[in-house]
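See below for the structure under consideration.
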Amino acid sequence: MNRKDLQTIIYAEKAKEENNKYKYKIHVCCGAGCISSGSEEVLKKLQEEIKQRELENEIEIVPTGCMGPCNQGPLIKFEPNHTIYQKVDCSNIASIVQNQIIDKKPIEEMLLFANFRTKAFINAQEDPFFKKQLKITLKNCGDINPEKLEDYLVHDGYKALDKVLFEMSSEDVIAEIKHSRMRGRGGAGYPTGLKWETVYKYISNQKYVICNGDEGDPGAFMDRSVLEGNPHRVLEGMLIAGYAVGANKGFAYIRGEYPLAIKRFELAIKQARKMGLLGNNILGSNFSFDIEIRIGAGAFVCGEETALIASIEGKRGTPRPRPPFPAESGLWGKPTLINNVETFAGIAPIINNGGEWYSEIGTPKSAGTKVFALAGKINISGLIEVPMGTSLHEIVYDIGGGIQHDHEFKAAQTGGPSGGCIPAQHIDVKMDYESLINLGSIMGSGGLIIMDNYTEMVDVARFFMEFCMDESCGKCVPCRVGTKMMHDLIKKINDGKGTKIDLERLEELAVYVKETSLCGLGASAPNPLLSTLRYFRNEYEEKIQKA
């Protein structure tokens with residue numbers, strides 16, 4: 001088959017022609033955050049307004065995934081001027097269309113993003129929130145309709161898969177990923193190319209690829225937003241991984257609390273099958289691969305890969321000792337590759353642009369970009385993507401617009417229940433794997449919770465310990481019993497009833513639980529406690545003195 005005759009290429013060309021016929025585009029954020037703020041009603045009202053003004057042939061209305069500044073939603077964006085309006089409701093629609101499209105005078109008052117700054121930009125790309133980001137994983141999120149395959153094809157969708165199938169061997173693909181120095185974005189930061197190479201080297205009549213979408217850290221919504229905003233990008237990454245390691249079957253394990261992500265990824269699978277991008281002899285090649293969705297039941301421990309595998313197999317989601325690692329003996333005892341959503345979403349750009357291109361972004365040991373879910377006491381909370389090595393100060397005060405109500409920055413919690421707190425004296429820290437570890441925290445999957453000077457750090461430690469205690473699967477004693485004992489001691493201290501002996505016992509327990517737990521949940525559960533003790537010990541001691 002001549003590659004110029006491929007249905008995807010023909011379809012993409014037709015979609016580009018259709019795409020170019022409109023004079024304006026209005027993007028309406030229909031990610032889960034904006035939907036909860038009423039964006040579906042805004043979308044419907046906007047469609048009615050455009051129809052009433054008989055502008056359907058000039059303006060295309062595009063429901064998109066997350067645009068980024070989630071707490072400012074509902075958001076609508078006008079192209080080609082990149083003008084974004086925030087906190088829009090149905091009563092604003094007529095005046096916005098009149099001013100933006102008819103009079104060509106954007107509203108510069110309360111609705112223009114981001115109006116709390118000294119200057120709100122008509123071109124939102126000039127605002128620090130967008131200007132200081134570098135979108136690779138999130139590219140096209142907020143710009144395309146995630147439920148239309150043709151929108152993805154217009155933006156070079158499945159171009160990387162085509163290149164892999166017809167120009168590269170499995171070894172070539174793995175070499176490119178290794179050259180990129182990409183590290184897995186699920187939390188541990190293990191080199192992606194090395195993991196792929198390990199699975200590839202095992203000989204088996206059956207191998208599997210698993211996408212871990214069981215994101216469960218409090219305040220984290222990176223994977224959910226990618227699945228909602230650009231599901232075909234994740235699908236393409238899984239296909240390329242399957243080709244590289246020699247697998248013909250994939251599973252996407254998605255958290256049950258993400259119904260919109262499940263719906264859109266399920267639709268993407270159906271569209272890909274219809275287009276010949278999934279199934280037998282993909283695009284006329286010798287490569288066959290198919291994907292199924294498995295829905296998680298909300299157990300945080302199933303983010304751990306062996307517990308996740310058990311859950312897919314229909315067993316209770318509990319971890320098992322390693323080795324053997326899943327690369328050797330994973331799903332149903334077969335070699336299995338597991339990466340998270342963000343990792344798979346970053347594969348196609350590496351294939352299209354080359355490993356060298358990706359490796360030059362970030363720091364010498366942490367290449368590429370990182371997606372963070374920015375939440376807490378910050379003016380702009382939402383989804384961001386920055387080069388590895390960007391300072392926490394830049395994220396908080398430039399991209400995030402500073403602390404709410406002009407309060408002082410006190411700490412940032414990174415890595416969720418497995419991570420730690422970064423205090424104000426280290427706000428200039430570079431956000432990369434090594435720098436965070438040196439401070440007693442971790443990158444994790446990308447949760448970034450900002451705290452102000454009114455936050456009580458002992459209560460923060462109590463919250464995360466309670467979370468780990470509730471989410472423990474109970475399989476091993478150190479985690480099952482240890483997290484409960486630590487929680488009770490922290491609560492006792494937080495309630496002003498603790499003693500110095502309680503504090504000493506708490507620290508001793510933290511070491512035991514960390515060193516003897518079966519899996520990462522228990523081993524990392526003491527981290528928030530230990531980091532708050534390291535930087536805010538005085539707050540523990542003050543509560544003890546009051547006892």
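The values are calculated or read from the model by the stated rules, or taken from the named source; none is laboratory data. Worth saying up front: this structure is predicted, and the values here are computed from it rather than measured. When we count neighbours, we look across all protein chains shown, and the Cβ atoms used for this are built from the backbone with ideal geometry, even at glycine.
Looking only at segment 93-148, count how many residues are in contact (Cβ under 8 Å) with a residue 12 or more places away in the chain, part of a loop (DSSP other than H, G, I, E, B) and either in contact with a strand residue (DSSP E or B) (Cβ under 8 Å, 6 or more places away or on another chain) or over 25 Å from residue 32 (Cβ atoms) (or both).
23
Looking at 449, 422 in this structure, which one is in contact with a Leu (Cβ under 8 Å, 6 or more places away or on another chain) and not hydroxyl-bearing (Ser, Thr, Tyr)?
Going through 449, 422 in turn, the sole match is 422.
Considering only residues that are over 33 Å from the mean Cα position of the chain (by Cα) and in a loop (DSSP other than H, G, I, E, B), look in segment 503-547 and name the one that is surrounded by the most Cβ atoms within 10 Å (Cβ to Cβ).
That would be 547.
Which condition number does residue 40 fail, the rest of (1) in contact (Cβ under 8 Å) with a residue 24 or more places away in the chain; (2) within 30 Å of residue 376 (Cβ to Cβ); (3) surrounded by fewer than 17 Cβ atoms within 10 Å (Cβ to Cβ) being met?
With respect to (1) in contact (Cβ under 8 Å) with a residue 24 or more places away in the chain; (2) within 30 Å of residue 376 (Cβ to Cβ); (3) surrounded by fewer than 17 Cβ atoms within 10 Å (Cβ to Cβ), residue 40 is out only on (1).
Residues checked against (1) touching a His at 6+ places or on another chain (Cβ under 9 Å); (2) in the same structural domain as residue 436 (by TED's automatic domain parsing); (3) closer than 20 Å to residue 531 by Cβ:
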site: 367; (1), (2), (3): no, yes, no
site: 372; (1), (2), (3): no, yes, yes
site: 376; (1), (2), (3): no, yes, yes
site: 380; (1), (2), (3): no, yes, no
site: 390; (1), (2), (3): no, yes, no
site: 395; (1), (2), (3): no, yes, yes
site: 405; (1), (2), (3): no, yes, no
site: 409; (1), (2), (3): yes, yes, yes
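Within segment 357-401, take every residue that is in contact with a Phe, Trp or Tyr (Cβ under 8 Å, 6 or more places away or on another chain) and small (Gly, Ala, Ser) and give me the one that is surrounded by the fewest Cβ atoms within 10 Å (Cβ to Cβ).
401
Within segment 317-338, track down each residue that is out of contact with any Ser or Thr (no Cβ under 7 Å at 6 or more places or on another chain) and not hydrophobic (A, V, I, L, M, F, W, C).
318, 321, 323, 324, 328, 329, 333, 336
Tell me whether segment 265-288 contains one or more residues that are among the aromatic types (Phe, Trp, Tyr) and either closer than 24 Å to residue 373 by Cβ or part of a helix (DSSP H, G or I) (or both).
Yes, segment 265-288 has at least one match.
Go through (1) of a type in the set (Lys, Arg); (2) touching a helix residue (DSSP H, G or I) at 6+ places or on another chain (Cβ under 6 Å); (3) crowded, with 21+ Cβ neighbours inside 10 Å one by one and return the number of the condition residue 183 breaks.
Checking residue 183 against (1) of a type in the set (Lys, Arg); (2) touching a helix residue (DSSP H, G or I) at 6+ places or on another chain (Cβ under 6 Å); (3) crowded, with 21+ Cβ neighbours inside 10 Å, the one that fails is (2).
Do we have residue 113 as crowded, with 22+ Cβ neighbours inside 10 Å, modelled with pLDDT under 95 and farther than 23 Å from residue 233 by Cβ here?
Yes: the conditions hold for residue 113.
For segment 72-106, what are the residues that are of a type in the set (Val, Ile, Thr) and surrounded by fewer than 17 Cβ atoms within 10 Å (Cβ to Cβ)?
Within segment 72-106, just 102 meets the criteria.
From the set of residues in segment 339-385 that are part of a loop (DSSP other than H, G, I, E, B) and hydrophobic (A, V, I, L, M, F, W, C), which is farthest from residue 183 (Cα to Cα)?
380
Only residues that are under 30 Å from residue 304 (Cα atoms) and of a type in the set (S, T, N, Q): list them for segment 484-526, please.
Passing the criteria: 516, 517, 524.
Going by the conditions given, is residue 69 surrounded by 20 or more Cβ atoms within 10 Å (Cβ to Cβ) and either touching a residue at least 60 places away in the same chain (Cβ under 8 Å) or over 27 Å from residue 264 (Cβ atoms) (or both)?
Here the answer is yes, as residue 69 does meet what is asked.
Could you list, in sequence order, the residues of segment 131-142 that are surrounded by fewer than 22 Cβ atoms within 10 Å (Cβ to Cβ) and at pLDDT below 95?
Within segment 131-142, 139, 140 meet the criteria.
Hey, among 231, 218, which residue is in contact (Cβ under 8 Å) with a residue 40 or more places away in the chain and buried (at least 20 other Cβ atoms within 10 Å of the Cβ)?
231
Which ones in segment 313-338 are surrounded by 22 or more Cβ atoms within 10 Å (Cβ to Cβ) and more than 21 Å from the chain's Cα centre (by Cα)?
317, 319, 326, 327, 330, 331, 335, 336 - these are the residues of segment 313-338 that are surrounded by 22 or more Cβ atoms within 10 Å (Cβ to Cβ) and more than 21 Å from the chain's Cα centre (by Cα).
Which residue is modelled with the lowest pLDDT, if the candidates are limited to segment 430-444 and must be touching a strand residue (DSSP E or B) at 6+ places or on another chain (Cβ under 8 Å) and more than 10 Å from residue 414 (Cβ to Cβ)?
Among them, the one singled out is 440.
Collect the residues in segment 414-429 that are at pLDDT below 95 and either polar (S, T, N, Q) or assigned by TED's automatic domain parsing to the domain that holds residue 113 (or both), keeping them in residue-number order.
414, 418
Within segment 246-263, does at least one residue satisfy the condition of being surrounded by fewer than 22 Cβ atoms within 10 Å (Cβ to Cβ), basic (Lys, Arg) and within 18 Å of the chain's Cα centre (by Cα)?
Within segment 246-263, one or more residues are surrounded by fewer than 22 Cβ atoms within 10 Å (Cβ to Cβ), basic (Lys, Arg) and within 18 Å of the chain's Cα centre (by Cα).
Just to be sure I understand, how many residues within segment 186-205 are crowded, with 22+ Cβ neighbours inside 10 Å and in contact with a Gly (Cβ under 6 Å, 6 or more places away or on another chain)?
Of the residues in segment 186-205, 2 are crowded, with 22+ Cβ neighbours inside 10 Å and in contact with a Gly (Cβ under 6 Å, 6 or more places away or on another chain).
Say we look at segment 465-490 and pick out the residues that are part of a loop (DSSP other than H, G, I, E, B) and farther than 21 Å from residue 413 by Cβ; which of these is nearest to the chain's Cα centre (by Cα)?
473
Of everything in segment 181-215, what is hydroxyl-bearing (Ser, Thr, Tyr), part of a loop (DSSP other than H, G, I, E, B) and more than 19 Å from residue 307 (Cα to Cα)? Give them in sequence order.
202, 204
Within segment 386-406, track down each residue that is part of a loop (DSSP other than H, G, I, E, B) and farther than 16 Å from residue 446 by Cβ.
Listed by number, the residues that qualify are 401, 402.
Of the conditions (1) within 20 Å of the chain's Cα centre (by Cα); (2) in a helix (DSSP H, G or I), residue 219 fails just one. Which one is it?
The single condition residue 219 does not satisfy is (2).
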